[in-house]
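Chemist: Next up is a structure, given as structure tokens.
Please treat every number below as a calculation from the coordinates, not as lab data. This one's a predicted model, so the numbers in the text were calculated from it and none came from an experiment. Because the Cβ atoms are built from the backbone with ideal geometry, glycine has one as well, and the counts that use them run over all protein chains shown.
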Amino acid sequence: MINILSLVFSALIADNIVFSYGIGCENTDESSSSGVVPALKYGALLILTAAVATALKWVAQVYVIERFALEYLKVPLYVLSVVVSALAIRFLAGRVLPKIYGNLKMADSLVTDVALVGIIFVFNPVWGGILTSVLAAVVAAIGVMLASLIFVMIKEKLELSNVPRCMRGLPIMLVSAGIIALVFAELENVINYFYLH
Amino acid sequence: MFKKNPIFEKMIAITAAVLVTKTVACAAIFSMVLLMVLVLSSVIANPIFGGKKGNTYRAVYMVIAAGFTSAAELVLLRVFPLLHSEIALHIPLIVICATLISSSIDSEGFFRSTADSLFSGIGYGIALILISALRELLSTGRIFAFADYPGVTVFAEWFEPIEVIAEVAGSLIFVGCALGVVRMIADSKREADARRQEEFERIKRGEHETLVLDEDGIVVLRSTIMRIEREIMEVEALEQIELPGAVELTIPDDDIKFEFKSFDPEPEKEDEDVIFEDCDND
């Protein structure tokens, strides 16, 4: 139980894909361009896709790579799991939830989503089975959704302030992400301090 | 390569610019592998899809790029293990960066799109190396660190390295500021070009205060044109005036003939010494 809690905590805050690893800033910026609801829709899609992709990845890792010692096929098989899951979720979004996802532009961008690739390649808990891996991926995707929501709030504040023209858009969002990454790093140290004491 | 640079203009695949630019060596090796994967994957994927860049293209391209990336990783591991150790953690990024760059190219035709892939990859590599050089200099005071080699010391001991730039947080801030600076320079150049073009349009319409286009299409000062026109008018006016006793110079068939007209309307008849009656200048 404690391991699961530490996994959840690390995926959300200590090892947040966006703020601790710097992966996926531009995608979260695009997804949060309209507001809270698009960020939540993007987060939901990402959670589903990460869960399916991680399950496929785990199967490929255990039953193909480790069984036949095909370590050099790790990158292609992981990428294949990402692609298959992204296309499957896109198909589902178009058939099951057309009213929510409309013209599927958000679902189309999942194939080349850097955050999704980061979740698949970075989060590899060696202990536990498929459920633990999927849980880790889901929590990591929730961390990306949290980052998107933070970007929405920052964007609302920045619209009211006098940002120089050259810094508008992605440059100022990267600077903001960097400052929040500093905060997250210190937060991790604070919580580790209380955890150890 | 520069006008449509993937990082500075299109602002795609920024994640690599944040993660890979810790050292120049890492950025250079990453760029070379990325360029190879980008070009080879484009050579295979473009004929299949004929220039159409949809969702299926991206999916297939990613798988092809993953194959080439895996092959490149194997080659690096066997032949250049030191180079592999520099970029081992960033291998998966090559796949996604190649896909993003290839999807952003909107040219049609096999050769054109492959050439665009090649030059986009080169431009991306140049941008990565520039960012990594500045980042390494500011974070360590040295440059070109590789494996056990600490690098060339550029700044003297008085320089206090800004170590936070080597971390992810500092890298995000640094890359954001770098994008802003480049955009500022590009915007000022673009505005200057737009102003120059608008001014030329005004000159062509004849609305400019001081400049006009002459007959040969060359931009000249309006005052120069007016002065030339005035001089032409003065010469024409002078030509129409007939002065008594003026020398008329005619040059028919390359012969110069002088005809002197007397200044007095009634010449003295007493003087029989006529000096000149007719003069032919041979």
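Chemist: Which loop trypsin sites (Lys or Arg not before Pro) in region B:14-115, with loop taken from DSSP, have no more than 16 other Cβ atoms within 10 angstrom of their Cβ?
Modeler: B:Lys52
Chemist: Hey, what do the phi angles of region B:62-72 turn into as Karplus ³J(HN,Hα) couplings, whole Hz, using 6.51/-1.76/1.60 and θ = phi - 60°, x for Gly and Pro?
Modeler: So the Karplus estimates, Gly and Pro as x, are 4, 5, 4, 5, 5, x, 5, 5, 4, 4, 5 Hz.
Chemist: What is the extension gain from B:Ala186 to B:Ser85, computed as 0.36 nm multiplied by their sequence separation minus the C-alpha to C-alpha distance, in nm to one decimal?
Modeler: Once the chain is fully extended between B:Ala186 and B:Ser85, it gains 32.7 nm.
Chemist: By Kyte-Doolittle mean hydropathy of at least 0.5 and Cα axial length of at least 20 Å, which whole DSSP H helices of chain A are selected?
Modeler: A:36-60, A:74-96, A:130-159, A:170-196
Chemist: Note down the nm distance, to one decimal, between modelled labels 7 Å out along Cα→Cβ at B:Ala115 and at A:Arg165.
Modeler: Once both label points are built, they end up 3.4 nm from each other.
Chemist: Quick one: order A:Tyr193, B:Tyr57, A:Tyr72 by neighbouring beta-carbon count within 10 Å, fewest to most.
Modeler: Least crowded to most crowded, the residues run A:Tyr193, A:Tyr72, B:Tyr57.
Chemist: Estimate the FRET efficiency between A:Glu71 and A:Ile130 by the formula 1/(1 + (r/R0)^6), using the beta-carbon distance for r and 35 Å for R0, to the nearest 0.05. Don't skip to the answer; put the middle values down first.
Modeler: Values: r = 20 Å, r/R0 = 0.57.
It comes out at approximately 0.95.
Chemist: Related question: In peptide A:140-152, what is the residue-averaged number of other protein chain Cβ atoms found within 10 Å of each Cβ?
Modeler: 0
Chemist: Name the long-range amide H neighbours of B:Phe146: under 5 Å, sequence gap of 5 or more, or other chain; modelled H, no Pro or chain starts.
Modeler: B:Gly151
Chemist: Still on this structure, I have one more. Once phi is turned into θ = phi - 60°, what whole-Hz ³J(HN,Hα) does the Karplus curve with 6.51, -1.76 and 1.60 give for every residue of region B:110-120, x standing for Gly and Pro?
Modeler: Once θ is set to phi - 60°, the couplings for region B:110-120 become 5, 5, 5, 5, 5, 5, 4, 4, 4, 6, 5 Hz.
Chemist: Taking other Cβ within 10 Å of each residue's Cβ, how do B:Met36, A:Met145 sort, fewest first? Before the final figure, lay out the partial values.
Modeler: On the way: B:Met36 18, A:Met145 24.
With the sparsest Cβ surroundings first, the list reads B:Met36, A:Met145.
Chemist: Here's a follow-up. For B:Glu207 and B:Ile228, FRET efficiency with R0 = 25 Å and r from the beta-carbon atoms, rounded to 0.05?
Modeler: FRET efficiency, B:Ile228 to B:Glu207: 0.75.
Chemist: If Lys and Arg each add +1 and Asp and Glu each add -1, what is the summed charge of the other residues whose beta carbon sits under 13 Å from the beta carbon of B:Ile91?
Modeler: -2
Chemist: Which far-off residues, 5 or more places away or on another chain, put their amide H under 5 Å from the one on B:Lys10, with H placed in the peptide plane?
Modeler: For B:Lys10, the qualifying residues are B:Asn5.
Chemist: Could you give the nm distance between label points at A:Ala88 and B:Phe155, where each point is 7 Å from its Cα heading toward the beta carbon?
Modeler: 5.1
Chemist: Continuing with the same structure: Once you keep just the Cα pairs under 8 angstrom separated by 6 or more residues, what percentage relative contact order results for region B:62-123?
Modeler: Rounded, it is 32 percent for region B:62-123.
Chemist: Restricting to Cα pairs below 8 Å that are 6+ residues apart, what does the relative contact order work out to for region B:7-86? Please round to a whole percent.
Modeler: Relative CO of region B:7-86 lands at 28 percent.
Chemist: Taking the Cα-to-Cβ direction at A:Leu5 and at A:Val64 and moving 7 Å from each Cα, how far apart do the two end points lie in nm?
Modeler: In this crude spin-label approximation the distance works out to 3.8 nm.
Chemist: How much net charge surrounds B:Ile143 when only the other residues with a Cβ under 14 Å from the Cβ of B:Ile143 are counted, with Lys and Arg +1 and Asp and Glu -1?
Modeler: Taking every other residue near B:Ile143 into account, the sum is +2.
Chemist: Another question about this same structure. If we count every other residue with Cβ under 11 angstrom of B:Ala194's Cβ, Lys/Arg +1 and Asp/Glu -1, where does the sum land?
Modeler: Summing Lys and Arg as +1 and Asp and Glu as -1 gives -2.
Chemist: Going by how many other Cβ atoms sit within 10 Å of their own, how do A:Trp58, B:Trp158 line up, fewest first?
Modeler: Taking fewest neighbouring Cβ atoms as first place, the list is B:Trp158, A:Trp58.
Chemist: So, one more: Amide H to amide H under 5 Å from B:Leu211: which residues, 5+ apart in sequence or cross-chain, H placed 1.01 Å off N in plane?
Modeler: Here the answer is B:Arg222, since their amide H atoms fall under 5 Å of that of B:Leu211.
Chemist: So what are the ³J(HN,Hα) numbers for region B:84-101, from phi and the Karplus equation (6.51, -1.76, 1.60; θ = phi - 60°), rounded to whole Hz, Gly and Pro as x?
Modeler: 5, 5, 5, 10, 4, 6, 9, 4, x, 5, 4, 5, 5, 5, 4, 5, 5, 5
Chemist: Apply the a/c threshold of 1.5 to the C-alpha gyration tensor of chain A and tell me whether it is rounded, prolate or oblate.
Modeler: It comes out oblate by the Cα gyration axes.
Chemist: Here's something else I'd like to know. I'd like the mean, over residues of A:154-166, of how many other protein chain beta carbons sit within 10 Å of each residue's own Cβ.
Modeler: Counting other chains' Cβ atoms within 10 Å and averaging over A:154-166 gives 1.
Chemist: Let me ask another. Averaging sequence separations of C-alpha pairs under 8 Å and six or more residues apart, then dividing by the length of chain A, give the relative contact order as a whole percent.
Modeler: So the answer I get is 38 percent.
Chemist: If R0 is 25 Å, what FRET efficiency do you get for B:Leu134 and B:Gln197 from their C-beta distance, rounded to 0.05?
Modeler: Result of the calculation: an efficiency of 0.15.
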